[in-house]
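Student: Got a structure here, written out as structure tokens. Questions coming.
The values are calculated or read from the model by the stated rules, or taken from the named source; none is laboratory data. Remember, it's a predicted structure, so these values are computed and weren't measured experimentally. Backbone-built Cβ (ideal geometry, glycine too); neighbour counts: all protein chains shown. Surface accessibility is based on the protein's heavy atoms, side chains included, excluding ligands, DNA and RNA. Shrake-Rupley method; radii C 1.70, N 1.55, O 1.52, S 1.80 Å.
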Amino acid sequence: MLLIHCPYCDETLPEAEFAYAGQAHVLRPQDPSAQTDEQWEEFLFIRENPKGPHFERWRHQHGCGRFFNAVRDTVSDKFLTTYRAGAPRPDLASLTESLT
Amino acid sequence: MSRYRVAGKGRVETAQPVDFTFDGRRIRGLRGDTVASALLANGIHLMGRSFKYHRPRGPVAAGSEEPNALIGTRRGKGQFEPNTRATVQEIWDGLETTSQNKFPSLTWDIGAVNDAAYMLFSAGFYYKTFMWPKSFWDKVYEPFIRAAAGLGVSPSEEDPDSYASRYLHCDVLIVGAGPAGLAAARAACAEGLRVVLVDENSEAGGTLLSEPQARIGGTPAWVWLAQELAALRAAGVRVMTRTTAIGYYHQNMIGMVEKLTDHLPQQPADTPRERMWRVRAKRVVLAQGALEKPLVFHGNDRPGVMLAGSAQTYLNRYGVLVGRQPVVLTSHDSAWYAAFDLADAGAKVQAIVDTRATVRPDLRAEADRRGIPVKLSHTATASSGRLRVASLRINPVLNGTVGAAATIRCDAVLMSGGWTPSLHLFSHTRGSLAWDEDLTTFLPKDTPEDCVIAGASRGLWGIAAALQDGAEKGRAVAADLGAAGIARAYEVQDDRPGQGESRRELPTDRDPGRAKAFVDYQNDVTAKDLRLAVREGMRSIEHVKRYTTNGMATDQGKMSNINGLNIAADALGKAPPQVGLTTFRPPYTPTSFGAFAGYHRGAHFEVTRKTRIDSWAEDYGAVFEPVGQWRRAWYFPEAGESMDDAVRRECVATRASVGMFDASTLGKIEVVGPDAVEFMNRMYTNPWTKLAPGRCRYGLLCGDDGFIRDDGVIGRMTEDRFHVTTTTGGAARVLTMMEDYLQTEWPDLQVWLTSTTEHWATIALNGPNAAKLLAPLVDGVELTEAAFPHMSCVDCTVAGMPARLFRVSFTGEIGFEVNVPAPMGRRLWQILWDAGQPYDICAYGTETMHVLRAEKGYIIVGQDTDGTVTPHDAGLSWAVGKAKPDFVGKRGLARPDLTAKGRKQLVGLLTEDQSRLEEGAQIVFDPNQPLPMKMVGHVTSSYHSDAAGRPIALALVEGGQDRMGETVHIPMHDRVIAAKITGMVFVDPENARLKL
Ligand SMILES: [Zn+2]
């Protein structure tokens, strides 16, 4: 079972309290009706499937209830960081360096 | 004393006889025995039949790695367990054990005909033999496979035992209480560090239990062990025996199963049989030791052929000679000590046969001193004996040529192909392995977890090396945690470190294609099978594994994986590290379902949610059905009524006068805030701005893909407050979806969402007399068409209780939903029930609710929709606010696929022959087309309707809304039913009955 740091509660807690919520930084367009079919398809369905660091969303479902973002390495399953929704995408290079 | 028991040997209690049964026969063992050691003490090696060939088998090992000696154990009623390893199960008075995979008896077995048909059952036989002809599958192959497959017999009775589950947090967890683990614990238990030492055996000590000759610091091993355990306990180390670390999970979480009662004749009250521990450790030391490898030769599975180290364990730990005339067959020094120990205990060792050309002079000298014949540079090419080995055929090997055979009479063969580190838990961490050319085996390298490996699990042989390495690793993890641990120095006398060579199949002078040289005993995989798999094109070791099933049995390849790899690598012409090892997966040893389930069984398997009115329904004799996690009243049968009778009566009574229904399970979400209306406009397809406070509206929720997710009536209580209802099963999902959009897409909106599902008890009253019944009880609003028209809502008082009253209808009748604070639910229900008696009020359940709504064409999301249905498909275009600039699903609804012609659309169906359709039945346009027919939709809802006077159905049909009046066909197994496409409203299409 993973341990996950909730950036709102500022506590590291067991995975059972959290729910995965898909890829992070997929912004819903301001005016969806102005989107082409291709753009809308991209927004709805096209997702990354990286081997390595993945930007993804989690929700502290059985805690504060907040959605937040995380960078998790899909190979090691290690969380490189978690950060609040709306915060900018962290620089990957600095994250992987801090681990070694 | 039994025939094979040696006086003065072992840790068993000679004065404590224990009687148990094996296949009905009474067997006497000693306290401290396992089933295997007690049977061996009585000269019994034959303990089971193999899985595929039904070959006679006896134990090859003495521990949890045992692949052959699997038995059924019965401890009492319902307490039967198949596939228990006889080498692990401790005996007690009255234990019943049985052998497996035999018919009619262990000594004479019909299935052994498979053994004669050996050539048919080679690698991949499942894929080849049963392929053709197709017609044979149902009648011949499948019954055959089903009859032959399976290991042991599943228990059929309910398990009366209880299983517990606990969490444990510690600083250092040490897996394995042999020399390395003991020394690691001693070094790490400094400065108050919480240290836990676990071992799967009934007592700690590991290899020390099998090597009493060793002395540590001058103290005999067993004395030292007792002193050391006492010292560890005094230092606060938690020592847990009969506890298996079954899996190593993320971030140093280790799953452990503690067996508490299987070894006890009387089960203590209130003690679980097993306890699952979930341990989170800051550091883990893996000190699981090494496993001995069998040698691969024809007949290496005959009862009496076993690992040399295990024979040593049976002698030194249990005081049992596994044979009186054993022969030792080895490629490693360690088996020589087995020969010496058995000879010293009175066995006449027939020979030591070593595949190597030279061995250490001191070993030669010790053999000579005992008069044991030594055969170097020899191979074994066969064993003989029907149910027990009687002889071993050996041949000299000179420059790769196998010479003339000689036969050695014997009653046991003690083999050793060397040792391989136990890498299972390390492999669970996704640790990388490195090939060690000297040891010709894989050793642990790097792991992403906070974990270190000590002793034989990293290829260090001998007690001294294990102690030293354990102490150093213990000190290091303590230092890592900021504590000054002390690595003691250990001096060991009579240690037995050894060396050897690694072999593939032993060379033979016979046709290797006919050899039954077993690599995986439990799955009956031979060396020939592995080579055949490579010849037939398997290149990856993972493919070889699956094609042959090598290493896929319940023993997880503990003995077979390395031998299998070496043979497959040779067949592939590659070096073993280029081929790689298959992945070990948890659990380390077979684990009971009970241990995993823990407390979650029976009524606790899943939570059952009950409304506050549920107890009334139970008192009133309701039949219940599960809906999501809820238990809902399905129907209320009166004496002698069938379900159909009851539902018809409830439907008729409700439309005739009044019916009441517990609607408390409906999801309820309070949407509050200055931006509540804007939020609702964005979430739901409907427009909300013009909905006045005190009014409600049917709301439809889509995903951004345009498909229907949920629906429900939504009341605007005040300007900034909405009472949202959802489907029973969708409540949590809808709230999560709302939170997601609110938190991450529109964080600027001032809105708060609160789940109020369980805060309200909700009672629906429906029928022409609903208002008459309710009006006298309501304060704060007049139930007239003018003051409280259909689709109104108000906070008021009902029967003196604070209430939120809705005038809505899910039946087509005059309808009200009364919400009161949940604890008042049953009281209000009783008041309404009593007040309804003059109107012949009827309590109805979910089935009647379904019928009444279907008669009006009201859909149920999840029954009439399936996640690919748009509002337009469902005939709900009127609920979509097309003028709104945006809402969730608006852009999705404009996707080309969602506006295309020929989509499946919801319609009504009326059968021509008045029969009731089956829900889920497929629909075709032309029943005379050739097979396979083009299916154009399916029946989603189907009921008998008294109000319509006939069966009615709803269905999704391709282009259905443009096919009104057309006939479609529903092929069933015995006939084809024709049905006419109609609108979805079968009763009161003018909605006249909704008016007061
Ligand atoms: Zn939180």
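Student: Under 8 Å between Cβ atoms, at least 6 apart or on separate chains: pull out the pairs that start in the range A:27-41 with a residue that is facing chain B (nearest Cβ under 8 Å) and at pLDDT below 95 and end on any residue that is surrounded by 13 or more Cβ atoms within 10 Å (Cβ to Cβ) and assigned to a loop (DSSP other than H, G, I, E, B).
Tutor: Within 8 Å, no pair qualifies.
Student: A follow-up question, please. Within the range B:653-683, track down each residue that is open to solvent by less than 10 Å² (accessible area, probe 1.4 Å) and more than 30 Å from A:PRO32 (Cα to Cα).
Tutor: First, the residues of the range B:653-683 that are open to solvent by less than 10 Å² (accessible area, probe 1.4 Å): B:654, B:658-660, B:663-665, B:667-669, B:671, B:673, B:676, B:679-680, B:683.
Those that are open to solvent by less than 10 Å² (accessible area, probe 1.4 Å) and more than 30 Å from A:PRO32 (Cα to Cα): B:THR654, B:VAL658, B:GLY659, B:MET660, B:ALA663, B:SER664, B:THR665.
Student: Let me ask another. Among the residues of the range B:950-959, are any more than 28 Å from B:SER809 (Cβ to Cβ), outside the structural domain of B:TYR698 (by TED's automatic domain parsing) and within 41 Å of the chain's Cα centre (by Cα)?
Tutor: In the first step, residues of the range B:950-959 are kept if they are more than 28 Å from B:SER809 (Cβ to Cβ); the result is B:958-959.
If we keep only those that are outside the structural domain of B:TYR698 (by TED's automatic domain parsing) too, we end up with B:958-959.
Checking which are within 41 Å of the chain's Cα centre (by Cα) leaves us with B:958.
For the range B:950-959, residues more than 28 Å from B:SER809 (Cβ to Cβ), outside the structural domain of B:TYR698 (by TED's automatic domain parsing) and within 41 Å of the chain's Cα centre (by Cα): present.
Student: Among the residues of the range A:16-26 satisfying the criterion of being more than 16 Å from A:ARG47 (Cα to Cα) and out of contact with any strand residue (DSSP E or B) (no Cβ under 6 Å at 6 or more places or on another chain), which is farthest from the other protein chains (Cβ to nearest Cβ)?
Tutor: Residues of the range A:16-26 more than 16 Å from A:ARG47 (Cα to Cα): A:16-19.
Of the ones still in play, those that are also out of contact with any strand residue (DSSP E or B) (no Cβ under 6 Å at 6 or more places or on another chain) are A:16-17.
Working: A:ALA16: 10, A:GLU17: 14 Å.
Checked the range A:16-26; the qualifying residue farthest from the other protein chains (Cβ to nearest Cβ) is A:GLU17.
Student: In the range A:59-79, what residues are within 12 Å of chain B (Cβ to nearest Cβ), within 19 Å of A:LEU13 (Cα to Cα) and open to solvent by 20 Å² or more (accessible area, probe 1.4 Å)?
Tutor: Listed by number, the residues that qualify are A:ARG59, A:GLN61, A:HIS62, A:CYS64, A:ARG66, A:ARG72, A:ASP73, A:SER76, A:ASP77, A:LYS78, A:PHE79.
Student: So which pairs qualify, if the first residue must be in the range B:606-618 and more than 14 Å from B:LEU828 (Cα to Cα), the second must be in a helix (DSSP H, G or I) and not polar (S, T, N, Q), the Cβ gap must be under 9 Å, and the two must be at least 6 apart or on different chains?
Tutor: Filtered contacts from the range B:606-618: B:LYS610/B:GLU618.
Student: Let me ask something else. Among the residues of the range B:899-918, is there at least one that is open to solvent by 30 Å² or more (accessible area, probe 1.4 Å) and either touching a Cys at 6+ places or on another chain (Cβ under 9 Å) or within 14 Å of chain A (Cβ to nearest Cβ) (or both)?
Tutor: If we filter the range B:899-918 for residues that are open to solvent by 30 Å² or more (accessible area, probe 1.4 Å), which is where we start, we get B:899-904, B:910, B:912-914, B:916, B:918.
From what's left, either touching a Cys at 6+ places or on another chain (Cβ under 9 Å) or within 14 Å of chain A (Cβ to nearest Cβ) (or both): B:899-900.
Taking every residue of the range B:899-918 in turn, at least one turns out to be open to solvent by 30 Å² or more (accessible area, probe 1.4 Å) and either touching a Cys at 6+ places or on another chain (Cβ under 9 Å) or within 14 Å of chain A (Cβ to nearest Cβ) (or both).
Student: A further question on this structure: In the set A:PHE68, A:PHE79, A:PHE55, A:PHE43, which member is more than 28 Å from B:PRO448 (Cβ to Cβ) and either more than 16 Å from the ligand (Cβ to nearest atom) or of a type outside the set (Ser, Thr, Tyr) (or both)? Break it down into steps so the answer makes sense when it comes.
Tutor: On the way: A:PHE68 fails: more than 28 Å from B:PRO448 (Cβ to Cβ); A:PHE79 fails: more than 28 Å from B:PRO448 (Cβ to Cβ); A:PHE55 fails: more than 28 Å from B:PRO448 (Cβ to Cβ).
Selected residue: A:PHE43, the only one of A:PHE68, A:PHE79, A:PHE55, A:PHE43 that is more than 28 Å from B:PRO448 (Cβ to Cβ) and either more than 16 Å from the ligand (Cβ to nearest atom) or of a type outside the set (Ser, Thr, Tyr) (or both).
Student: For the range B:743-793: of the residues being under 18 Å from B:ALA676 (Cβ atoms) and open to solvent by less than 40 Å² (accessible area, probe 1.4 Å), which is nearest to the other protein chains (Cβ to nearest Cβ)?
Tutor: The residue in question is B:GLN743.
Student: Restricting to strands (runs of 3 or more DSSP E) lying wholly in the range B:241-340: which have 2 or more residues that are farther than 25 Å from B:ARG496 by Cβ and of a type outside the set (D, E, K, R)?
Tutor: Values: elements: B:243-249, B:253-259, B:274-286, B:290-292, B:305-307, B:326-330.
Ranges flagged: B:243-249, B:253-259, B:274-286.
Here's the yes/no breakdown for (1) closer than 25 Å to B:GLY500 by Cα; (2) of a type in the set (A, V, I, L, M, F, W, C); (3) within 14 Å of chain A (Cβ to nearest Cβ):
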{"residue": "B:ARG386", "(1), (2), (3)": "no, no, no"}
{"residue": "B:ALA390", "(1), (2), (3)": "no, yes, no"}
{"residue": "B:ARG393", "(1), (2), (3)": "yes, no, no"}
{"residue": "B:VAL397", "(1), (2), (3)": "yes, yes, no"}
{"residue": "B:GLY400", "(1), (2), (3)": "yes, no, no"}
{"residue": "B:ALA412", "(1), (2), (3)": "yes, yes, no"}
{"residue": "B:GLY418", "(1), (2), (3)": "yes, no, no"}
{"residue": "B:PHE442", "(1), (2), (3)": "yes, yes, no"}
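Student: Taking the condition in a loop (DSSP other than H, G, I, E, B), more than 9 Å from chain B (Cβ to nearest Cβ) and away from the ligand (no atom under 15 Å from the Cβ), does A:GLU48 pass?
Tutor: Numbers: in a loop (DSSP other than H, G, I, E, B): yes; more than 9 Å from chain B (Cβ to nearest Cβ): yes; away from the ligand (no atom under 15 Å from the Cβ): yes.
Against the criterion (in a loop (DSSP other than H, G, I, E, B), more than 9 Å from chain B (Cβ to nearest Cβ) and away from the ligand (no atom under 15 Å from the Cβ)), A:GLU48 qualifies.
This table checks each residue for (1) part of a loop (DSSP other than H, G, I, E, B); (2) crowded, with 18+ Cβ neighbours inside 10 Å; (3) at pLDDT 95 or above; (4) not assigned by TED's automatic domain parsing to the domain that holds B:LYS558.
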{"residue": "B:GLN578", "(1), (2), (3), (4)": "no, no, no, no"}
{"residue": "B:HIS600", "(1), (2), (3), (4)": "yes, no, no, yes"}
{"residue": "B:ARG612", "(1), (2), (3), (4)": "yes, yes, yes, yes"}
{"residue": "B:ALA617", "(1), (2), (3), (4)": "no, yes, yes, yes"}
{"residue": "B:GLU625", "(1), (2), (3), (4)": "no, no, yes, yes"}
{"residue": "B:ALA633", "(1), (2), (3), (4)": "no, yes, yes, yes"}
{"residue": "B:GLU638", "(1), (2), (3), (4)": "yes, no, yes, yes"}
{"residue": "B:ASP644", "(1), (2), (3), (4)": "no, no, yes, yes"}
{"residue": "B:CYS651", "(1), (2), (3), (4)": "no, yes, yes, yes"}
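Student: Something else about it: Taking the range B:850-872 only, how many residues are buried (at least 21 other Cβ atoms within 10 Å of the Cβ), out of contact with any Cys (no Cβ under 8 Å at 6 or more places or on another chain) and more than 23 Å from B:GLU990 (Cβ to Cβ)?
Tutor: Matching residues across the range B:850-872 total 3.
Student: In addition: Identify, by number, the condition in (1) in contact (Cβ under 8 Å) with a residue 40 or more places away in the chain; (2) farther than 24 Å from B:VAL627 by Cβ that B:PRO838 doesn't meet.
Tutor: It is condition (1) that B:PRO838 fails.
Student: Still on this structure, please answer the following. Going through the range B:919-957 one residue at a time, which ones are among the acidic types (Asp, Glu) and under 14 Å from B:HIS969 (Cβ atoms)?
Tutor: Step one: of the range B:919-957, the residues among the acidic types (Asp, Glu) are B:919, B:926, B:946.
Passing the criteria: only B:ASP926.
Student: With the requirement that a residue be surrounded by fewer than 20 Cβ atoms within 10 Å (Cβ to Cβ), in contact with an Asp or Glu (Cβ under 8 Å, 6 or more places away or on another chain) and touching a residue at least 60 places away in the same chain (Cβ under 8 Å), what does the range B:956-984 give you?
Tutor: Listed by number, the residues that qualify are B:ALA978, B:LYS980.
Student: What strands (runs of 3 or more DSSP E) lie completely within the range B:407-509 and have 2 or more residues being under 25 Å from B:ASP333 (Cα atoms)?
Tutor: Qualifying strands (runs of 3 or more DSSP E): B:412-416, B:419-421, B:433-436, B:441-444.
Student: Out of curiosity, is B:LEU765 in contact with a helix residue (DSSP H, G or I) (Cβ under 9 Å, 6 or more places away or on another chain) and part of a strand (DSSP E or B)? Spell out the reasoning first.
Tutor: On the way: in contact with a helix residue (DSSP H, G or I) (Cβ under 9 Å, 6 or more places away or on another chain): yes; part of a strand (DSSP E or B): yes.
So B:LEU765 passes the test.
Student: Scan the range A:85-100 for residues that are in contact with a Pro (Cβ under 9 Å, 6 or more places away or on another chain) and within 14 Å of another protein chain (Cβ to nearest Cβ) and jot them down. If you could, list the steps in order and put the result at the bottom.
Tutor: Initially, the range A:85-100 is screened for residues in contact with a Pro (Cβ under 9 Å, 6 or more places away or on another chain), giving A:85-87, A:92, A:95-96.
Answer for the range A:85-100, where residues must be in contact with a Pro (Cβ under 9 Å, 6 or more places away or on another chain) and within 14 Å of another protein chain (Cβ to nearest Cβ): A:ALA85, A:GLY86, A:ALA87, A:THR96.
Student: Tell me whether the range A:2-14 contains one or more residues that are open to solvent by less than 50 Å² (accessible area, probe 1.4 Å) and more than 16 Å from the ligand (Cβ to nearest atom).
Tutor: no
Student: Now a separate question. Just to check your reading of the model, which residue among B:VAL924, B:VAL987 is of a type outside the set (Asp, Glu) and over 30 Å from B:TYR684 (Cβ atoms)? Let's see the steps before the verdict.
Tutor: Numbers: B:VAL987 fails: over 30 Å from B:TYR684 (Cβ atoms).
Every option except B:VAL924 fails the conditions.
Student: Of all residues in the range B:251-275, count the ones that are open to solvent by 10 Å² or more (accessible area, probe 1.4 Å), touching a residue at least 60 places away in the same chain (Cβ under 8 Å) and within 14 Å of chain A (Cβ to nearest Cβ).
Tutor: Final tally of qualifying residues: 1.
Student: Does A:THR82 fit the bill of being over 29 Å from B:ARG891 (Cα atoms) and either more than 12 Å from every other protein chain (Cβ to nearest Cβ) or at pLDDT 95 or above (or both)? Show your work before the answer.
Tutor: Working: over 29 Å from B:ARG891 (Cα atoms): yes; either more than 12 Å from every other protein chain (Cβ to nearest Cβ) or at pLDDT 95 or above (or both): yes.
Yes.
Student: All but one of (1) away from the ligand (no atom under 15 Å from the Cβ); (2) surrounded by 12 or more Cβ atoms within 10 Å (Cβ to Cβ); (3) assigned to a strand (DSSP E or B) hold for A:PRO29, so report the exception by its number.
Tutor: (3)
Student: Being closer than 15 Å to B:TRP435 by Cα and either in contact with an Asp or Glu (Cβ under 8 Å, 6 or more places away or on another chain) or open to solvent by less than 40 Å² (accessible area, probe 1.4 Å) (or both) is the filter here; which residues of the range B:565-574 pass it? First the steps, then the outcome.
Tutor: Step one: of the range B:565-574, the residues closer than 15 Å to B:TRP435 by Cα are B:565-566, B:569, B:574.
Matches in the range B:565-574: B:LEU565, B:ASN566, B:ALA569.
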